[in-house]
Amino acid sequence: MSGDNSFVVVANRLPVDLTTEPDGTSTWAPSPGGLVAALSPVLERHQGCWVGWPGVADETFEPFRTDAGVLLHPVRLTAADFEGFYEGFSNATLWPLYHDLIVPPIYDREWWSAYREVNLRFADEVAAVAAEGATVWVQDYQLQLLPGILRQLRPDLKIGFFLHIPFPGPELFRQLPWREEVVRGLLGADLIGFHNESNAANFLDLARQVSGPSGSHIGQPDELRVEGAAATREIGAHITTSDGRRVGVGAFPISIDVDSIGPADPAAVAELRAELGEPKTVMLGVDRLDYTKGILQRLLAFEELLESGALDPEEVVLVQVATPSRERIEQYRVARSQVEEAVGRINGHFGTIGNPVVHYQHRSMPKSQLGAYYAMADIMLVTSFKDGMNLVAKEYVATHPDGSGALVLSEFAGASVELEQAHLCNPFDLESVKRAILNAVWDLDDAPEATRERMLAMHEQVTTHDVDLWASSFLDCLAQADSTGDSDGEPEPR
Ligand code: ADQ
């Protein structure tokens, strides 16, 4: 069973959405999101194949090519699969567990069955489209069993796995009732990539615990051996499994396609500021509406600064763009209503007719428009409680090549490792968020040159460490990795 694609990306979602035109015809449109933003340019260059769910339950679609030449191979999911695999196990079990229990994870045996079943189905599809010896790059937490299943179905494949969200400390991970199967699934890969060294170290610690005398806590796979540390952008460590395979582990910080986000049209930027009433300072938040992003905390910090008089509602506005996300999951509905209640309260208190102090938009928007929002913002607020990377922070920096603007950034976002010149804050501490916001405001006024230098340093970091470098670093390491030890030395696609 093999196809003719030598490079295959597998992700939960295909990078398209089905949209229905007013005349009733349907077309596929590119969909937004961190993963799509990151991978599209790489695949277009490889003319590769992307396997994923097309976003419509209970329907079967034929494979098709995008204008850029990427083959999209849809996987069918039923409405029940979507509930159990995606909304349930992926987003109400794994997502909160891997984001350090910001809300309690739900451990449900039926969701687990759905997760395993859907991973098996994805594996069958990949096995059918991948050519002999192909490179398969599996993306993210929804598909952690896939490397192990694929390894059994197709031992000839070179398999990489990248986790886009944090990997928790072993003591948290061990809560998961199906922890052995997940670890065994991941260890089917030749190379496992994380955003940064602390996530990779968490995984290596887990593997050490499995291999040590306390290995019985996690059951199989036992007898793992761990060598080395997780260095950035190279295979920092190896885990030797009980069957003698050497699995590479490394840190590969994801980044952005700088050209896709800018430069912004100055007329569009001027128009936006005019629509906002030409405030002295525009603050901006751009997030999926997710409880991990700390949107409410940022609003509360803003509210307290207005209440104390530290910020003047006649001089400052906060624009919050919140993309609808996972809206059928209870915790997301709660997060949305808390955010919207806070927006209403702040505007009721500090806004005047026609002049809200918080401009809230609950919708997605094209990248070009988002670029204009970033470019017009004086201060970007990224206050995630926990975030694998956070591409929004990097996109903001990229749209300020002249060093204008300022970035308030959570120290719990992976991006804080690279963007260390930001105004870092602890979103669990409202005073810390308030301090970071005020420091950004004061620095823009009183220390413009130092502020510019901070932004320019971050701009340099983002532009020289873009998504191409992320993908090529991972693929280079994957080409070198060979857990089976019987590579024929064929070059991998770049
Ligand atoms: P996300 O949690 O989705 O990604 P993030 O990294 O910020 O978070 O990416 C969001 C992307 O969506 C950005 O490219 C942004 O431009 C886009 N976006 C956000 N709001 C939008 C809107 N209203 N309209 C259009 N586009 C919008 C997950 C992890 C992150 C990790 C990425 C990539 O949670 O930590 O950085 O994957 O690995």
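The values are calculated or read from the model by the stated rules, or taken from the named source; none is laboratory data. Owing to the predicted nature of the structure, the values given are computational and were not obtained by experimental measurement. Neighbour counts are summed over all protein chains in view; Cβ atoms, including those assigned to glycine, are modelled from backbone coordinates with ideal geometry.
General remarks:
- Whichever residue in the stretch 172-202 is aromatic (Phe, Trp, Tyr) and more than 16 Å from the ligand (Cβ to nearest atom) and, among such residues, is farthest from the chain's Cα centre (by Cα): Trp178
- Filter result for Ser364 (within 26 Å of the chain's Cα centre (by Cα) and modelled with pLDDT under 95): yes
- Cβ-Cβ under 8 Å pairs, at least 6 apart or on other chains, the stretch 3-19 side over 16 Å from Arg65 (Cα atoms) and of a type in the set (Val, Ile, Thr), far side modelled with pLDDT under 90 and in a strand (DSSP E or B): Thr19/Ser26; Thr19/Thr27; Thr19/Trp28; Thr19/Ala29
- Test: residue in the stretch 75-86 that is away from the ligand (no atom under 16 Å from the Cβ), in a helix (DSSP H, G or I), free of Cβ contacts under 8 Å to residues at least 24 places away in the same chain and more than 19 Å from Asp387 (Cα to Cα): yes
- Out of Glu327, Glu341, one residue alone is under 24 Å from the mean Cα position of the chain (by Cα), free of Cβ contacts under 8 Å to residues at least 60 places away in the same chain and surrounded by fewer than 18 Cβ atoms within 10 Å (Cβ to Cβ). It is Glu327.
- Among the residues of the stretch 283-291, at least one is assigned by TED's automatic domain parsing to the domain that holds Asp445, within 16 Å of the ligand (Cβ to nearest atom), assigned to a helix (DSSP H, G or I) and buried (at least 21 other Cβ atoms within 10 Å of the Cβ).
- Whichever residue in the stretch 358-393 is surrounded by fewer than 23 Cβ atoms within 10 Å (Cβ to Cβ) and assigned to a loop (DSSP other than H, G, I, E, B) and, among such residues, is farthest from the ligand (Cβ to nearest atom): Asp378
- For the stretch 401-418, the candidate set comprises residues that are surrounded by fewer than 24 Cβ atoms within 10 Å (Cβ to Cβ) and within 16 Å of the ligand (Cβ to nearest atom); within that set, the residue that is nearest to Thr463 (Cα to Cα) is Glu418.
- Residues of the stretch 311-336 that are within 16 Å of the ligand (Cβ to nearest atom) and of a type outside the set (Gly, Ala, Ser): Leu318, Val319, Gln320, Val321, Thr323, Pro324, Arg326, Glu327, Ile329, Gln331, Tyr332, Arg336.
- Number of positions in the stretch 120-147 that are in contact (Cβ under 8 Å) with a residue 40 or more places away in the chain, more than 16 Å from the ligand (Cβ to nearest atom) and under 23 Å from the mean Cα position of the chain (by Cα): 7
- Residue tally, condition within 13 Å of the ligand (Cβ to nearest atom) and at pLDDT 85 or above, over the stretch 8-58: 5
- Test: Gly294 is closer than 30 Å to Val357 by Cα, surrounded by 15 or more Cβ atoms within 10 Å (Cβ to Cβ), within 16 Å of the ligand (Cβ to nearest atom) and modelled with pLDDT of 95 or more: yes
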